[in-house]
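Taking it in order: structure first as structure tokens, then the write-up.
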């Protein structure tokens, strides 16, 4: 990793200067120039110079190097959410490319710093990852590579079972359930409104007191239940309650911490890439481009926003949405008047010269995630002329076919794909299922089934952590069922529609 | 930094190898790697190396795309796999993984799984291949082959003898006569050579599935024998009622129809062997695949006489694999068994009822170390 050569350092200063002028607000950035081989290595580790050893990085490296050898792909840019922000430049790229990458990186950096989903992420993740690496290596020295790696595989297979919003919620810490055996109710704990004694029967009528007692009784009942309410942070639950030894717990914690660190990037993929592309195009075309560089620049940018049929390109989608928002707010096409207007013609011509476009997109980049971003701004006007469609698998044709071009269905599908980062929502509901210390999970089914062989293999992995039978309630081919794995056998039992939550 | 990725990469390769080993039977019966063959490498699609997790069934969930097209129109290919063309590449994950593997490694895995013994080449059947070795010294030669040390030594000797050597100022200047050059000698290295002749029945009763089975099996046999011999040649013969020699491509693709006269193929094969492969220089392998529905008993007798008189005494191994087809009587394998049951240990019969049996059949053929 070479020190940044002078011409690039100067370039960085120029780019940062313009970026600041436009209002971008970023962490200090450290650029490093890498040859393609090192670039592939670093990229395999997700941009981190030091991570715990695992074969999947080797697999990623294999893929990246082949992509490079066969000329299928080339990594232009790699940036990590850290303070200071680290970004990598590919050695031998043209100056135009480097300039563009720098502008792109500045916007990512700004996004990391300002978007609310990133606000709780570890900002010294480079160090943290290095610590993880040391811990895992130590465990490997002590217990053997194979054993540790196998356990990491197990943990990774449930790394998606986290609650992405939990960093924003204050929750009571998890602790072992109090087994009091108490069934009588402590009357002083029943909620009543403050009042004078002679008003008691009016302010707190007997029916109300009875309902409050019932509530308390119910909550007492739940005190015996673990967890007291369903939680989708399955990893956290297992860390606290699964019978793990020290190193196993440590590894599970590492996997969880990294999962939370990466979650915001999955939640804001479209926005983040759109934002970066928006700014690199703006900075390049308005400030940085020399006339001789235009063709090269246009070539690369058209690659970035290339639309392969049947795919959604987050760079393109995000870019166009940000431009759409800016354009609307510039001409005042928002607010009650505009939304109330039913005439599409008029809406398209709407112009109050509000000029709030730039202000608005900065606000959006701070407070939105992909789900809310699309929910709010993916409108019929935006979609019109852009030829969106849904496709589905046609079993008789044995291929994917275009199934609809209906706006509401497309939007619904888009939002579904983005909800919970496109992952099924799964809660731990009971740790003492059937009163036999079995783990009971519930898949909050919303129309799409789980991939069956994967679900089975994942249950096996959870069994290795929980060490008692594990169950998951889900829906398979419209049948409500509980899949179970008891360490030897998989079983599937049908269950009533309203049961088992 | 490179140290680390090397480790993880090696681990990954090791895991892939292990996976191929455990799933070898599956790979063999699916025929995944055929047709993805390079000169000495194959790429193998690995289906299950990714970590399992709770995820949506992709075929159920479909997706959203952008572009031209009528409702109901197919997209062509799997959009979820994505060719990622032109896209800034940061999408990990869902790509189907293909791993490159050398045929040698594949042969080793096959051998371990099937417990195949190494082949002992027959007798002194070697041909001699000349090879140049640079292990001599000459007084003349091109400058590029000058032997520095020897030249120096000669010059030193000469200077000492002539008394021009000054040990306080030891400058050695070689003259033309001092120069020594590397040179080569021709070594004759014995090389074991082998020839495989594949015979396939392409009569009307051999369907696509049967041919695929033949293809898969011959791919593996080929892989193994190539690993065992330095120089190997393959020849292909197809037949219905008449036989002819073809190239590899035609061998697998031809769809003929009509009856079956196996003797015609034997005759062509015997001609090839007699013409090009003298038995004292070559290890000869013949593999025949058919559904065993020969034309007549008379023709079968003709086969026997060709085998006895022209083939079996000269070759290492004659493997007859009978694939099951819905039309054939499958009589030929019984005839062969009756005639040769214990007489010839270089004639191996194997029946291949379906794709899952391919692996056992390979073991039948190669398990004896012939």
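Read-outs throughout are calculated quantities, based only on the coordinates presented, and are distinct from any laboratory measurement. What you see is a predicted model, and the numbers here were worked out from it, not measured in a lab. So basically every Cβ, Gly included, is an ideal-geometry build from the backbone, and we count neighbours across all protein chains shown.
Tabulated data for the structure shown
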{"item": "√(5λ) per eigenvalue of the Cα gyration tensor, segment B:252-321, largest first, Å", "result": "22, 15, 11"}
{"item": "Ascending count of other beta-carbon atoms within 10 Å, so fewest first, for B:165, A:208", "result": "A:208, B:165"}
{"item": "Degrees between helix B:297-306 axis and first principal axis of chain B (Cα, 0 to 90, nearest 10)", "result": "10"}
{"item": "Most mobile of B:20, B:284, B:172 in a GNM of chain B (Cα contacts under 10 Å)", "result": "B:172"}
{"item": "Evaluated over segment A:347-389, the Cα radius of gyration and Dmax, each in Å", "result": "12.6, 33"}
{"item": "Label-point gap, in nm, between residue B:301 and residue A:208 - each point 7 angstrom along Cα→Cβ", "result": "11.2"}
{"item": "Largest-first principal axis extents of the Cα set of the protein assembly as shown (Å)", "result": "122, 89, 65"}
{"item": "Dimensions (Å) - segment B:186-249, Cα atoms, principal axes, largest first", "result": "53, 23, 14"}
{"item": "0 to 90° range, to nearest 10: angle between helix A:6-22 axis and chain A longest Cα axis", "result": "70"}
{"item": "Computed P(r) (all Cα pairs; chain B; 10 Å bins; percent)", "result": "4, 17, 22, 17, 14, 12, 8, 4, 2, 0"}
{"item": "Diffusion constant of chain A at 25 °C, which comes from Stokes-Einstein with the Kirkwood Cα-pair radius and 0.890 mPa s, µm²/s", "result": "92"}
{"item": "Normalised contact order of segment A:424-494, rounded percent, pairs of Cα under 8 Å and 6 or more residues apart", "result": "25"}
{"item": "Square roots of 5 times each gyration tensor eigenvalue, C-alpha, segment B:262-370, largest first, Å", "result": "22, 18, 12"}
{"item": "Hull shadow area, averaged, segment B:192-366 [alpha-carbon convex hull, nm²]", "result": "8.9"}
{"item": "Viscosity 0.692 mPa s, temperature 37 °C, Stokes-Einstein D of segment B:136-279 from Kirkwood C-alpha radius, µm²/s", "result": "159"}
{"item": "Against the rule of thumb 2.2 N^0.38 Å, how large the Cα Rg of segment A:1-107 comes out", "result": "1.11"}
{"item": "Likely footprinting exposure, A:501, A:377, A:389, fewest C-beta neighbours within 10 Å first", "result": "A:501, A:377, A:389"}
{"item": "Segment A:361-501, Cα convex hull volume normalised per residue, Å³", "result": "162"}
{"item": "Radius of gyration, Dmax [segment A:323-419; alpha carbons; angstrom]", "result": "16.3, 54"}
{"item": "Value at 222 nm in deg cm²/dmol, rounded to 500, when DSSP H runs of n ≥ 4 in chain A each add -39,500 (n - 2.57)", "result": "-15500 deg cm²/dmol"}
{"item": "Computed P(r) (all Cα pairs; segment A:421-501; 5 Å bins; percent)", "result": "3, 16, 28, 29, 17, 7, 1"}
{"item": "For segment A:93-138, the Rg and Dmax computed from alpha carbons only, in angstrom", "result": "15.5, 45"}
{"item": "Cα centroid separation, segment A:448-501 to segment A:292-311 (Å)", "result": "46"}
{"item": "Chain A: angle of helix A:314-330 to the longest principal axis, Cα-based, in degrees nearest 10", "result": "80"}
{"item": "Distance in nm between pseudo-label sites at residue A:290 and residue A:456 (7 Å out along the Cβ direction from Cα)", "result": "6.3"}
{"item": "Pairwise FRET efficiency - residue B:342 versus residue A:489, Cβ, R0 = 41 Å, nearest 0.05", "result": "0.30"}
{"item": "Translational diffusion coefficient (Stokes-Einstein; Kirkwood radius from C-alpha pairs) of segment B:127-187 at 37 °C, 0.692 mPa s, in µm²/s", "result": "251"}
{"item": "Helical mean residue ellipticity (222 nm; -39500 (n - 2.57) per DSSP H run of 4+; nearest 500) of chain B", "result": "-11000 deg cm²/dmol"}
